[in-house]
Amino acid sequence: MYPIKRNRRLRSSETLRSLVQEEIITPSDFIVPLFIVDGKNIKEEIPSMPDYYRMSLDYIKKEVLELWNMGLKSVLLFIKVPEALKDNMGTEAINPKGLMQKAISSIKETVPEMVVMTDVALDPYSSYGHDGIVENNQIINDTTVEILAQMALTHAQAGADIVAPSDMMDGRVLAIRTLLEREKFHNTGILSYSAKYASGFYGPFRSALDSAPGFGDKKTYQMDFHNRKEAQIETKLDVEEGADIVMVKPGLAYLDIIRDLNNLIEIPIAAYQVSGEYAMLKAASQKGWINYEAVMYEQLVSFKRAGASLIATYCAKDATRILT
Ligand code: PBG
């Protein structure tokens, strides 16, 4: 009780504040998303994601070396697929010589210790821009799951450390885990996007990969953002099905969900600060309305405070420059 208890006492100097700080954030908490395109000598800025690039493999190799030297230890790979290779069955997604599979092995060759995570979903490969196979304007669950499991297997065979299903089909974690076990990939991890909401925040990502849905939206598989308990149901199931890490996506608007899951499950939780969040930070700072570094750092710390132990973020390099 005042004046015996003065809360300002422990805030009175930088050193005192740092002694009692509850959360810290380090570069090894970050997962760096990489956008990969076919070809050579390509490094093109994504218009809706300033200072973020799509790169061909030659540039990607340089990039992962740079990331590793900065202390960033994990990457999450996304592929931009040429229109001619898209179809409704995700044929290119399970091509062992596809761009994703080539990217995985060349990154592992370049920096063997880098943790390579891969996106598992059909949307970049789909002529409909959906995460699953389409029949009569419906996204078909079980056939999609079979393809996703095969896709994950080709990633594991190419050397992926962790596969990350982001499609939100039912039962895909179990199908992937079962196939990986059967094929003796006992140590390939699964980071499942267990609570992924149908969100307007993915816009810049979809233009980066040219993967926006050709018809309808993703609300029959991604979650309704009015719901909180549903995230717990989804996540508990993914843990039972064999996920090693679960993820909440988007990030900032879903801190309550991260906290709920932190109270519910024991395995690590990742947060994804998605493309729309990045675009907002960049746009406001370009206008001179916010300080990019300060607001970005504050947001990243909020993920940890909410209970995330890993953060996928387009700000990873910028944050690392502040932290080191
Ligand atoms: C694909 C996928 C998406 C994102 C990650 N994986 C887009 C979507 O579901 O439409 C979004 C990432 C971002 O916005 O940064 N399934």
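Go through the range 96-131 and give me each residue that's in contact with a helix residue (DSSP H, G or I) (Cβ under 7 Å, 6 or more places away or on another chain), within 23 Å of residue 173 (Cβ to Cβ) and of a type in the set (S, T, N, Q).
Hits for the range 96-131 are 101, 118.
I'm trying to understand the selection: among the residues of the range 277-302, which are out of contact with any Leu (no Cβ under 7 Å at 6 or more places or on another chain) and within 16 Å of the ligand (Cβ to nearest atom)?
Answer for the range 277-302, where residues must be out of contact with any Leu (no Cβ under 7 Å at 6 or more places or on another chain) and within 16 Å of the ligand (Cβ to nearest atom): 278, 279, 280, 281, 282, 283, 300.
For the range 69-79, enumerate the residues that are surrounded by fewer than 16 Cβ atoms within 10 Å (Cβ to Cβ) and of a type outside the set (Gly, Ala, Ser).
69, the sole residue that qualifies.
Can residue 216 be described as surrounded by fewer than 22 Cβ atoms within 10 Å (Cβ to Cβ), within 14 Å of the ligand (Cβ to nearest atom), touching a residue at least 24 places away in the same chain (Cβ under 8 Å) and over 18 Å from residue 145 (Cβ atoms)?
Yes, satisfied.
Pull up the range 160-181, narrow it to residues that are part of a loop (DSSP other than H, G, I, E, B) and not acidic (Asp, Glu), then point me to the one that is surrounded by the most Cβ atoms within 10 Å (Cβ to Cβ). So that I can check it myself, show each step before the final result.
Filtering the range 160-181 down to residues part of a loop (DSSP other than H, G, I, E, B) leaves 160-161, 166-171.
When the remaining residues are screened for being not acidic (Asp, Glu), the result is 160, 166, 168-169, 171.
Working: 160: 28, 166: 22, 168: 25, 169: 23, 171: 15.
Looking at the filtered set, the residue picked out is 160.
Residue 215 is checked against (1) among the aromatic types (Phe, Trp, Tyr); (2) within 20 Å of the chain's Cα centre (by Cα); (3) closer than 25 Å to residue 171 by Cβ and fails just one. What number does that condition carry?
Residue 215 satisfies all of (1) among the aromatic types (Phe, Trp, Tyr); (2) within 20 Å of the chain's Cα centre (by Cα); (3) closer than 25 Å to residue 171 by Cβ except (2).
Condition first: aromatic (Phe, Trp, Tyr), surrounded by 16 or more Cβ atoms within 10 Å (Cβ to Cβ) and in contact (Cβ under 8 Å) with a residue 60 or more places away in the chain. Can you find one or more residues in the range 182-189 that meet it?
Looking for residues that are aromatic (Phe, Trp, Tyr), surrounded by 16 or more Cβ atoms within 10 Å (Cβ to Cβ) and in contact (Cβ under 8 Å) with a residue 60 or more places away in the chain, one finds none in the range 182-189, hence no.
In the range 253-274, how many are part of a helix (DSSP H, G or I) and surrounded by fewer than 18 Cβ atoms within 10 Å (Cβ to Cβ)?
Residues that pass the stated criteria total 6.
Residue 15: hydroxyl-bearing (Ser, Thr, Tyr), modelled with pLDDT of 95 or more and closer than 28 Å to residue 193 by Cβ, yes or no?
No.
Filter the range 219-242 down to the residues that are within 16 Å of the ligand (Cβ to nearest atom) and of a type in the set (Ser, Thr, Tyr), then identify the one that is least open to solvent (accessible area, probe 1.4 Å).
221
If a residue counts only when it is without any contact (Cβ under 8 Å) to a residue 60 or more places away in the chain and touching an Asp or Glu at 6+ places or on another chain (Cβ under 9 Å), which strands (runs of 3 or more DSSP E) contained entirely in the range 52-155 have at least 1 such residues?
Working: elements: 74-79, 115-120, 133-135, 138-140.
Fully inside the range 52-155 and qualifying: 74-79, 115-120.
How many residues does the range 178-214 hold that are at pLDDT below 95 and over 30 Å from residue 256 (Cβ atoms)?
2
Is there a residue in the range 81-103 that is among the acidic types (Asp, Glu) and under 20 Å from residue 29 (Cβ atoms)?
Checked the range 81-103: no residue is among the acidic types (Asp, Glu) and under 20 Å from residue 29 (Cβ atoms).
So which residues in the range 224-279 are without any contact (Cβ under 8 Å) to a residue 60 or more places away in the chain, small (Gly, Ala, Ser) and out of contact with any helix residue (DSSP H, G or I) (no Cβ under 7 Å at 6 or more places or on another chain), if there are any at all?
Scanning the range 224-279 gives a single hit, 253.
Given the structure, is residue 41 polar (S, T, N, Q), in contact (Cβ under 8 Å) with a residue 12 or more places away in the chain and open to solvent by 90 Å² or more (accessible area, probe 1.4 Å)?
Yes: the conditions hold for residue 41.
Is there a residue being in a loop (DSSP other than H, G, I, E, B) and near the ligand (Cβ under 9 Å from one of its atoms) anywhere in the range 187-203?
For the range 187-203, residues in a loop (DSSP other than H, G, I, E, B) and near the ligand (Cβ under 9 Å from one of its atoms): present.
The values are calculated or read from the model by the stated rules, or taken from the named source; none is laboratory data. The structure displayed is predicted, hence computed values, not measured ones. So basically every Cβ, Gly included, is an ideal-geometry build from the backbone, and we count neighbours across all protein chains shown. Accessible surface areas use protein heavy atoms only, side chains included; no ligands, DNA or RNA. Shrake-Rupley method; radii C 1.70, N 1.55, O 1.52, S 1.80 Å.
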